[in-house]
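The values are calculated or read from the model by the stated rules, or taken from the named source; none is laboratory data. Note that this is a predicted model, so its numbers are computed, not measured. Because the Cβ atoms are built from the backbone with ideal geometry, glycine has one as well, and the counts that use them run over all protein chains shown.
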Amino acid sequence: MLRLGNREFGAYEPVIMAIVNRTPDSFYDQGATFRDEPALARVEQAVADGAAIIDIGGVKAGPGEEVTAEEEARRTVGFVAEVRRRFPDVVISVDTWRHEVGEAVCEAGADLLNDAWGGVDPKLAEVAARHGAGLVCTHAGGAEPRTRPHRVTYEDVMADILRVTCQLAERAVALGVRPDAVMIDPGHDFGKNTRHSLEATRRLGEMAETGWPVLVSLSNKDFVGETLDRPVKERVLGTLATTAVSAWLGARVYRVHEVAETRQVLDMVASIAGHRPPAVARRGLA
């Protein structure tokens, strides 16, 4: 069971987390949802298309202009409060590695802290515990926030992913985060080259076997682009293929830009696996 906010998700229920960037320089949408009006419209459309979680980020993952904790909070806290007011049943996640921001967004109504940088600020898990929020525990290969990997090596990338994410998850629970509100994330692209991310995908079943719900953030990432030699705006098909494989191997939560398309992929995989009946079954019955 996965329990976030006031939502409970069954063992075979795939969960879509829609990305809403509150940044003027995000790699994918170049600031399309930096202003409140388009960002709220994005939330409304994502919920209509089947997203159960809205993931709000105030700092882009890659290098760029410095964003202080105060500025990150300014971009996210008021928006979290407004999303909470307009969509009382949606699970609100905030993508941050800073405990100061985590504290402020939880007070504003966030249900989940998405720590994409692998516990670089150990106080963030304490914030989640104090507020009864969930936590995403990600493998980032020891990278500092907003840095790109450079000649990173692993003796066994999945062994390292399992060691780090499970330690972070166990620490979070020891601090008081509910076990059913903790997820682990292999951290595609974070502290990894393309071959590492492909191997992490291929061996995702090993993460699912730990019993912790697995979140994957695959959407239009560089490992997809390099694998297919496609620019950012032409990575949707590769992302959806990777999503289908991840679903088959046991991932539970999918952080995405394209919600409606992801919903169809996940429904199809669930039906093939026998966890979901066809929406319509007329063929051969008339």
Original post:
With respect to Ser219, is the statement that it is part of a loop (DSSP other than H, G, I, E, B), closer than 24 Å to Val47 by Cβ and touching a strand residue (DSSP E or B) at 6+ places or on another chain (Cβ under 9 Å) true?
Top reply: yes
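State which residue is nearest to Leu266 (Cα to Cα) when the search covers only segment 53-71 and only residues that are touching a Gly at 6+ places or on another chain (Cβ under 9 Å) and surrounded by 16 or more Cβ atoms within 10 Å (Cβ to Cβ).
As a first pass, look at segment 53-71 and keep what is touching a Gly at 6+ places or on another chain (Cβ under 9 Å): 53, 67, 71.
Among the residues that remain, those that are also surrounded by 16 or more Cβ atoms within 10 Å (Cβ to Cβ) are: 53, 67.
Values: Ile53: 15, Val67: 35 Å.
The selected residue is Ile53.
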**OP:** Looking only at segment 133-150, count how many residues are among the hydrophobic types (A, V, I, L, M, F, W, C) and surrounded by fewer than 15 Cβ atoms within 10 Å (Cβ to Cβ).
**Re:** 0
**OP:** Could you grab the pairs with beta carbons closer than 8 Å, sequence gap of 6+ or different chains, first residue in segment 26-44 and more than 21 Å from Gly62 (Cβ to Cβ) and surrounded by fewer than 17 Cβ atoms within 10 Å (Cβ to Cβ), second one at pLDDT below 85 and of a type in the set (Gly, Ala, Ser)?
**Re:** Pro38/Ala32
Subject >> Residue pairs meeting the criteria (Cβ under 9 Å; at least 6 apart or on separate chains; first of a type in the set (S, T, N, Q), in segment 260-284; second in a loop (DSSP other than H, G, I, E, B)) >> reply: Thr262/Pro14; Thr262/Gly50; Thr262/Ala51; Thr262/Ser219; Ser271/Pro277; Ser271/Pro278; Ser271/Ala279
Subject >> Qualifying positions in segment 210-243 - without any contact (Cβ under 8 Å) to a residue 24 or more places away in the chain and acidic (Asp, Glu) >> reply: Asp229, Glu234
Original post:
So which of Gly62, Gly58, Gly78 ends up being over 19 Å from the mean Cα position of the chain (by Cα) and not acidic (Asp, Glu)?
Top reply: Gly78
**OP:** Name the one entry in Ala159, Ala143, Ala125, Ala172 that is among the aliphatic types (A, V, I, L, M), without any contact (Cβ under 8 Å) to a residue 12 or more places away in the chain and under 23 Å from Phe190 (Cα atoms).
**Re:** Ala159
Subject >> Of the criteria (1) surrounded by 13 or more Cβ atoms within 10 Å (Cβ to Cβ); (2) within 30 Å of Ala181 (Cβ to Cβ), which one Gly211 fails >> reply: (1)
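Quick one: would you say Phe87 is within 19 Å of the chain's Cα centre (by Cα) and more than 28 Å from Arg163 (Cβ to Cβ)?
Values: within 19 Å of the chain's Cα centre (by Cα): no; more than 28 Å from Arg163 (Cβ to Cβ): yes.
Answer is no for this residue.
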Original post:
When segment 77-97 is examined, which residues are found to be surrounded by fewer than 16 Cβ atoms within 10 Å (Cβ to Cβ) and basic (Lys, Arg)?
Top reply: Arg85, Arg86
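So how many residues does segment 169-208 have that are of a type in the set (Gly, Ala, Ser), touching a strand residue (DSSP E or B) at 6+ places or on another chain (Cβ under 6 Å) and buried (at least 18 other Cβ atoms within 10 Å of the Cβ)?
Initial filter on segment 169-208 (of a type in the set (Gly, Ala, Ser)): 169, 172, 174, 176, 181, 187, 191, 197, 200, 205, 208.
Filter once more, keeping what is touching a strand residue (DSSP E or B) at 6+ places or on another chain (Cβ under 6 Å): 169, 172, 181, 187, 208.
Remaining after also requiring buried (at least 18 other Cβ atoms within 10 Å of the Cβ): 169, 172, 181, 187.
Residues in segment 169-208 being of a type in the set (Gly, Ala, Ser), touching a strand residue (DSSP E or B) at 6+ places or on another chain (Cβ under 6 Å) and buried (at least 18 other Cβ atoms within 10 Å of the Cβ): 4 in total.
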**OP:** With the condition kept exactly as written, say whether any residue in segment 3-14 is closer than 20 Å to Thr138 by Cα, surrounded by fewer than 20 Cβ atoms within 10 Å (Cβ to Cβ) and either modelled with pLDDT under 95 or under 18 Å from the mean Cα position of the chain (by Cα) (or both).
**Re:** yes
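Given segment 119-208, what helices (runs of 4 or more DSSP H) lie entirely inside it while holding 2 or more residues that are more than 24 Å from Arg230 (Cβ to Cβ)? Steps first, answer last, please.
Details: elements: 123-131, 157-175, 194-202, 204-208.
Fully inside segment 119-208 and qualifying: 123-131, 157-175, 204-208.
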**OP:** With the checklist (1) part of a loop (DSSP other than H, G, I, E, B); (2) within 15 Å of the chain's Cα centre (by Cα) in hand, flag the one item Arg282 doesn't pass.
**Re:** (2)
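Determine which member of the set Gly284, Gly250, Gly274, Gly211 is over 18 Å from Gly10 (Cα atoms) and not charged (D, E, K, R).
On the way: Gly250 fails: over 18 Å from Gly10 (Cα atoms); Gly274 fails: over 18 Å from Gly10 (Cα atoms); Gly211 fails: over 18 Å from Gly10 (Cα atoms).
Criteria check complete, one pass: Gly284.
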Subject >> Candidate set from segment 146-156 (those that are more than 29 Å from Glu65 (Cα to Cα) and without any contact (Cβ under 8 Å) to a residue 40 or more places away in the chain); member that is farthest from the chain's Cα centre (by Cα) >> reply: Glu155
**OP:** Tell me which of these Arg74 doesn't satisfy, since it passes every other one: (1) part of a loop (DSSP other than H, G, I, E, B); (2) surrounded by fewer than 17 Cβ atoms within 10 Å (Cβ to Cβ).
**Re:** (1)
